[in-house]
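The values are calculated or read from the model by the stated rules, or taken from the named source; none is laboratory data. Keep in mind that this is a model prediction, so the values were computed, not measured. Using ideal geometry, Cβ is built from the backbone for each residue, glycine included, and neighbour counts are taken over all protein chains shown. In case anyone asks, the SASA skips ligands and DNA or RNA and just uses the protein heavy atoms, side chains included. Shrake-Rupley method; radii C 1.70, N 1.55, O 1.52, S 1.80 Å.
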Amino acid sequence: MIRVQNVILSEDIATAKFACNLSRCKGACCVIGDAGAPVSKNEVPVLHKAFRELKDELDPEAVEVAERDGVVLGDSKSGYEISCIDSGECIFVQKGQNGVATCAIQSAYYEGRFSWEKPISCHLYPIRLKQIGEFEYANFEYIPELCSAACQRGESEGIYLAEFLEGSLTRRYGEEWYREFLDVCRKEREQKTKAQL
């Protein structure tokens, strides 16, 4: 494990190579899983607002599920997650002509129609966070059916997970933290390289 301020991270976050490859994975992280994306309590009202504003652009089944079960499931004890349709697909998924699943919230954000990009857990994926006491723990959640295409692209193009997620990590922790984190990552990679010699 490596530590940057009050965040404890698994070493593979520093050393893994990863770069999303939507043309191959088709947005699998938005459609495959046994639960919806985890969200924080303060993200819940934003998600309700997003649903109200984007409802007409969502799949009819997603709208039906959200209106019947709620946009967000859970509570403060068990945690919160975004609702999914029966197939496991997030209610905010939009499918393009090429079959790629994208986030309706993020699309609206890029088009200047919504002021928030998407839940931080989605933005940080494949990193998953867990708060324990005063520390936040970050782990690389490698699921082959979701991550293999991104790992292959990262390897072939020399892109590290830590750099690929610069925007989301900076959004979560700030620029100063991210600079410190990158320094730690470089040292971790040097140590790994020396160990392999």
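Annotations for the structure displayed:
- Whole-percent carbon and sulfur share, accessible surface of the chain, 1.4 Å: 48
- Multiplying the residue separation of residue 197 and residue 61 by 0.36 nm and subtracting their alpha-carbon distance yields 43.5 nm.
- Overall Cα dimensions of the range 41-99 - principal axes, largest extent first, Å: 39, 24, 20
- In Hz, Karplus ³J(HN,Hα) per residue of the range 31-40 (6.51, -1.76, 1.60; θ = phi - 60°; x = Gly, Pro): 10, 10, x, 9, 7, x, 4, x, 9, 8
- Evaluated over the range 114-197, the Cα radius of gyration and Dmax, each in Å: 14.3, 50
- Ellipsoid equivalent to the range 77-160 - semi-axes via the Cα gyration tensor, in Å: 23, 21, 15
- Dipole of the chain, positive end: most advanced residue of 13, 78, 91 [Cβ charges, Cα centre]: 13
- 5 Å binning of all Cα-Cα separations within the range 1-101, expressed as whole percents from 0 upward: 2, 11, 18, 18, 17, 14, 11, 6, 2
- Computed with a 1.4 Å probe over protein heavy atoms only, the accessible surface of the chain comes to 56 Å² per residue.
- Cβ charges +1 (Lys, Arg) and -1 (Asp, Glu), total dipole of the chain, debye: 460
- Its Cα centre serving as origin, the range 117-170 has a Cβ charge dipole (Lys and Arg +1, Asp and Glu -1) of approximately 160 debye.
- The range 138-153 and the range 39-62 have Cα centres lying 27 Å from one another.
- Modelled FRET efficiency - R0 25 Å, residue 180 with residue 76, Cβ distances, 0.05 increments: 0.20
- A P(r) calculated from all alpha carbon pairs of the chain, with 5 Å bins opening at zero, reads 1, 7, 14, 19, 19, 16, 12, 7, 3, 1, 0, 0 percent.
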